[in-house]
Amino acid sequence: MSSRRRPSLGLDRFSGLYLWALFVAVFAIWVPHLFLTAGTVHSVAAQQAIAAIVAIAVLVPLAGGTYDLSVGATVNFATIMVTVLQSNHSWSMWPAIIATVLLCALIGAVNGLIVVVGRVNSFIATLGSASVIAAFQAITAGQAQPLPPTSTAWSALTQREVLGFQIIVFYMLAIAVVVWWGLARTPAGRYLYAVGGNAEAARLSGVRTGRWTWLALTTSATLCGVAGVFYASLSGPSLTFGGALLLPAFAAVFLGSTQLTPGHVNVWGTLIALYALATGIKGLQLVTGVQWLPDMFNGLALLSAVSFAVWRQQGRGRRRPRPARDTTDEEASGREQPGAARPQELSLNQ
Amino acid sequence: MGPRLSAGATDSAARGIPGGRAPALEVSGLRMAFGPTVALDDVALTVERGQVHALLGENGSGKSTLIKILAGYHRPDPGGRVLVAGRALSFGNPVNAASLGCRFVHQDLGLVDTLSVAENLFLTSGFPARWGTIRWARLLRAARDDLARVGLDLDPRQPVAGLSPAVRTGLAVARALRPGAGNVALLVLDEPTATLPDDEVRQLLATVRAAAATGAGVLYVTHHLDEVFDIADVATVLRDGRVVASSAVPDLTRTRLVNQLLGSELDEAHASSQALPPPRANAVLRVHDLAAGQLRSLSLQVRAGELVGIAGLTGSGRESALAAVFGAVHPEGGDVLVDSTPLRPGHPRRAIDAGVAYLPADRKAHGGIMSLPAAANLTLPDLRALWRPPMLRLGAERVEARSWFSRLDVRPAGAVHLPLAALSGGNQQKVLLAKWLRCRPRVLLLDEPTQGVDIGAKAQIHQRIVAAADDGAAVVVSSADVDELVALCHRVVVLRGGHAVADLSGPALSVPAVNRAALAAER
């Protein structure tokens, strides 16, 4: 087998970075006075920080092959809950935040129980729980959208500027580093990827698959709670914001799984994908100003990312003669064709 | 609701079987080689209309190759000839095989559980429809005819999910014989009873007889000698790619058939060379009266340093034995003790912590995580040594994986970062074996450790298994390859019909002895 990797520019694994650079170049030439400003950089970074945290929340269970479709509803719930506690119930900031995040962790724990103990398909389970969470949100909010808390500490929580960026950007990066560490540098992450790769093989290797799936869903909802709190502080309470986050988050994670460590969802690939898309959207908005761009862009990105992944798998399948399991021994000896597969760097430790 | 033999067999002439009175199948001069391995050598065979023709042979005798040639999957070497109802089969063409009237019922029956009997019958041939709407009355009528043809007394509206295995096989036979799908000259049944419980075999044999009575020739591949005497008119035995004998069943005795199957080795002159006396030590693994799936009762004691083989035909319970010992599946009864401590079933983690390692037979589905790097697969069961909080020591992991790669000669050398899927089957298997050897298990359970592995890798895997036993592990190997077991093990336990029927060791351990114990089933 020619295990030596061909020298390459990494067009494959780093295509997101190239795409990002292309967007920057195109809009820098097209609308330099609007696009090439520190303001644009700061606003894109801050506007996407919440979406990035939600994408990371989606990523954690997805590494273990579990879908969490309740992220949007959980973010919304957290937004309303943290606001209501402060504005309507006069809680101070930190107790309200802690209570909200804990409640969201509880949501995740329940999701996890339904999936692990109840053995309900995660897609269905979290779709259902999303609806229930939305109902709880309406109960919490009452009829009207609550008023935002007035304290300056509350808005400073996310809006304080550091190096020109709103501090939320650094919160997001901190979360990204922690989740990257968890997934790529701890046994927990290894177990989670193993469950996502082949749950039965992982179980037979001694991985407690249920425990890690449960923990991943709990982590996901907790991160959504944090994202919701940040959103409420950044932009004020919203009854509908979270729902709009679901698709961009999945688009970023799937697109990100084609990056850096192809075939595995990963934190930095997700962030690259998210910010590359956001840059493209921002540039086009500066040029045209139409409203439907994000929907169109994110939708197409999701479709093309998944199609690309499928195409690539099939391509690989064609190149490699399938080792037939049911062949009898008379053929087996002649059948092994070591190394027909394409050598490909693929590891968790990028 | 057992199937019955249909009262009157349809007259073959009335059904307009193509080719007049030519035999259903005539094979002559068939030869096929895979590289240097000759799978079939000058094979000749004739299946008459209305006859059940049994095809027997050990694993590797060429049965599967012959069937795959008939199905148009393999293209034999030039010079051979296959006539189906008098018409020449064009090789390597599945459509041609079907249009000449060949029908196949494989072990995987291809039934859809959620659909009804009638829907399954029409799944392959298309539904009778008018204006795109299925004509249910006509469908049900035709389905009843199809079922009656093979003597199955079934409600065609019944879902397939609730049917017993034998009836399902019968249904697959009925579907293969549907006249709507073209005239049937030859029906090939590939080990139809391999996974059936004893009491259901009888039901299926009635269906096969009814199928032959429709005028088709039936080529019946089996391992079970009793079935040959129950239903076959003629039995052909393949050994090492050659037809050893083709005899009318009434002229046969069981002993003669066994002799034909196993050849001249029957004198047991060459007992296994490696059958060393097992070391004297206390039993590490004790299995008592274990039952799971087709395994009815297995009791076993394995001492430290001992290599014990488990042999048995498909359906003997051998396939589920080691999974049940490990607790990968929930056994229906029995105990497993490691060092006198009972193992709780269904908890692989606890079994591993107790020092048990289990290499499953199905590498892709249960063994490895194909998308993860080889190194990650290798270290998955035990990451403790690599976990220095707050970081997993990836460098140390790579070094350790490389050393295992070189110890087991995994190719490409040092490619520990490659996903497991990128390695060849033999190398994957070495990685998965290394994964368990790394845990230094006290009990090593190996299910088909060299299945689909090339000869070189096979020898290396065997060396490692022997070395593990020398280091004091209690090793149990389950394999369909009797030669492998005899060469490797101190002692071989033979399963038949879910029970251990022989425990061979020392001079009594030989390939023919194991084969005879596995075959001599009295159903």
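The values are calculated or read from the model by the stated rules, or taken from the named source; none is laboratory data. Please read all numbers here as calculations on a predicted model, not as lab measurements. Here the Cβ is made from the backbone with ideal geometry for all residues, glycine too, and neighbour counts use every protein chain on show. Surface areas here come from the heavy atoms of the whole protein model, side chains and all, with no ligands, DNA or RNA. Shrake-Rupley method; radii C 1.70, N 1.55, O 1.52, S 1.80 Å.
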### Task
Could you size up the charge dipole of segment A:15-315 around its Cα centre, putting +1 on the beta carbon of Lys and Arg and -1 on that of Asp and Glu, and report it in debye to the nearest 20?
540 debye
### Folded to 0 to 90 degrees: helix B:165-176 orientation relative to chain B principal axis, Cα
50 degrees
## Note on the structure
Inter-chain shielding metric for B:386-396, i.e. average beta-carbon neighbours from other chains within 10 angstrom, reads 3
### Query
Remind me, relative contact order of segment B:25-267 in percent, using alpha carbon pairs under 8 angstrom and six or more residues apart?
28 percent
### Query
What nm distance separates the two modelled labels at B:LEU123 and B:ILE455, each placed 7 Å from Cα along Cα→Cβ?
4.1 nm
### Task
Express in nm, to one decimal, how much length is gained between A:VAL31 and A:PHE170 on full extension, taking 0.36 nm for each residue of separation and deducting their alpha carbon distance.
47.2 nm
### Distant-in-sequence amide H partners of B:VAL244 (H built 1.01 Å from N, under 5 Å)
B:VAL237, B:LEU238, B:ARG239
### Task
Could you tell me which of B:ALA357, A:GLY164, B:VAL501 has its Cα farthest along the dipole of the protein assembly as shown towards the positive end, charges placed at Cβ (Lys, Arg +1; Asp, Glu -1), taken about the Cα centre?
A:GLY164
### Query
Once phi is turned into ³J(HN,Hα) by the Karplus curve 6.51 cos²θ - 1.76 cosθ + 1.60 with θ = phi - 60°, what whole-Hz value does each residue of segment A:20-35 show in order, with x for glycine and proline?
4, 4, 4, 4, 4, 5, 4, 6, 5, 7, 6, 10, x, 5, 8, 7
### Task
Enter the angle in degrees (range 0 to 90, nearest 10) between the Cα long axis of helix B:136-149 and the first principal axis of the Cα atoms of chain B, meaning the one along which they spread out most.
80 degrees
### Message
Quick check: the angle from helix A:38-63's long axis to the longest principal axis of chain A, C-alpha only, nearest 10 degrees?
### Response
60 degrees
### Task
Report, largest value first, the span of the C-alpha coordinates of the protein assembly as shown along each principal axis, in whole Å.
101, 76, 52
### Query
In bins 5 Å wide, starting from 0, what share of all Cα pairs of segment A:59-200 does each bin hold, as a percent?
2, 9, 14, 17, 18, 16, 12, 8, 4, 1, 0
#### Entry: Förster radius 30 Å - calculated FRET efficiency between B:HIS499 and A:LEU113, Cβ distance, rounded to 0.05
0.10
### Task
Please get the size of the charge dipole for the protein assembly as shown, origin at its Cα centre, with Cβ charges of +1 on Lys and Arg and -1 on Asp and Glu, quoted in debye to the nearest 20.
1820 debye
### Query
Any idea of B:THR124's accessible area? Nearest 10 Å², probe 1.4 Å.
100 Å²
### Message
Which of the three applies to segment A:15-315, rounded, prolate or oblate, going by the alpha-carbon gyration tensor with a ≥ b ≥ c and a/c under 1.5 meaning rounded?
### Response
oblate
### Message
Starting from 0.36 nm per residue, how many nanometres of slack lie between A:LEU303 and A:GLN143 once their C-alpha separation is accounted for?
### Response
53.9 nm
### With all protein chains modelled, accessible area of B:HIS462 [1.4 Å, Å²]
40 Å²
### Most fluctuating residue given options A:GLY196, A:GLY289, A:GLY182, as computed from a GNM of chain A linking Cα atoms under 10 Å
A:GLY289
### Query
Could you give the distance between the Cα centres of segment A:103-123 and segment B:225-254, to the whole Å?
59 Å
## Note on the structure
Contact order relative to length for chain B, counting C-alpha pairs under 8 Å separated by 6 or more residues, stands in percent at 16 percent
### Query
Restricting attention to the alpha-carbon atoms of segment A:162-217, what are Rg (one decimal) and Dmax (integer), both in Å?
15.3, 51
### Query
What is the interface area between chains B and A, defined as buried accessible area summed over both chains with a 1.4 Å probe, reported in Å² to the nearest 100?
4200 Å²
### Task
Considering the options B:PRO78, B:THR255, B:GLY29, tell which one lies farthest towards the positive end of the dipole of the protein assembly as shown, charges being +1 on Lys and Arg and -1 on Asp and Glu at the Cβ, about the Cα centre.
B:PRO78
### Message
I'd like to know which of A:ALA141, B:LEU45, B:VAL329 lies farthest towards the positive end of the charge dipole of the protein assembly as shown, counting +1 on Cβ of Lys and Arg and -1 on Cβ of Asp and Glu.
### Response
A:ALA141
### Query
Nearest 20 debye, what's the magnitude of the dipole of chain B about its Cα centre given +1 on Lys and Arg Cβ and -1 on Asp and Glu Cβ?
1440 debye
## Note on the structure
Counting only residues 5 or more apart in sequence or on a different chain, those whose built amide H sits under 5 Å from that of B:VAL501 are B:VAL494, B:LEU495, B:ARG496
### Query
How large is Rg/Rh for segment B:371-440, to two decimals, with Cα atoms and a Kirkwood Rh?
0.95
## Note on the structure
Cα-only Rg/Rh for chain B with Kirkwood Rh rounds to 1.01
### Query
What is the average number of partner chain Cβ atoms found within 10 Å of a Cβ in A:192-198?
5
### Task
Order B:TYR220, A:TYR191, most accessible first, counting only protein heavy atoms with a 1.4 angstrom probe.
A:TYR191, B:TYR220
### Task
Could you run the Karplus curve 6.51 cos²θ - 1.76 cosθ + 1.60 with θ = phi - 60° over segment A:93-102 and give me ³J(HN,Hα) per residue in whole Hz, x for Gly and Pro?
4, 5, x, 5, 5, 4, 4, 5, 5, 5
### Query
List the chymotrypsin sites (Phe, Trp or Tyr not before Pro) in segment B:73-145 that DSSP assigns to loop (not H, G, I, E or B) and whose Cβ has at most 14 other Cβ atoms within 10 Å. Which are they?
B:TRP131
### Query
Hey, what do the phi angles of segment B:248-255 turn into as Karplus ³J(HN,Hα) couplings, whole Hz, using 6.51/-1.76/1.60 and θ = phi - 60°, x for Gly and Pro?
5, 4, x, 7, 9, 10, 4, 4
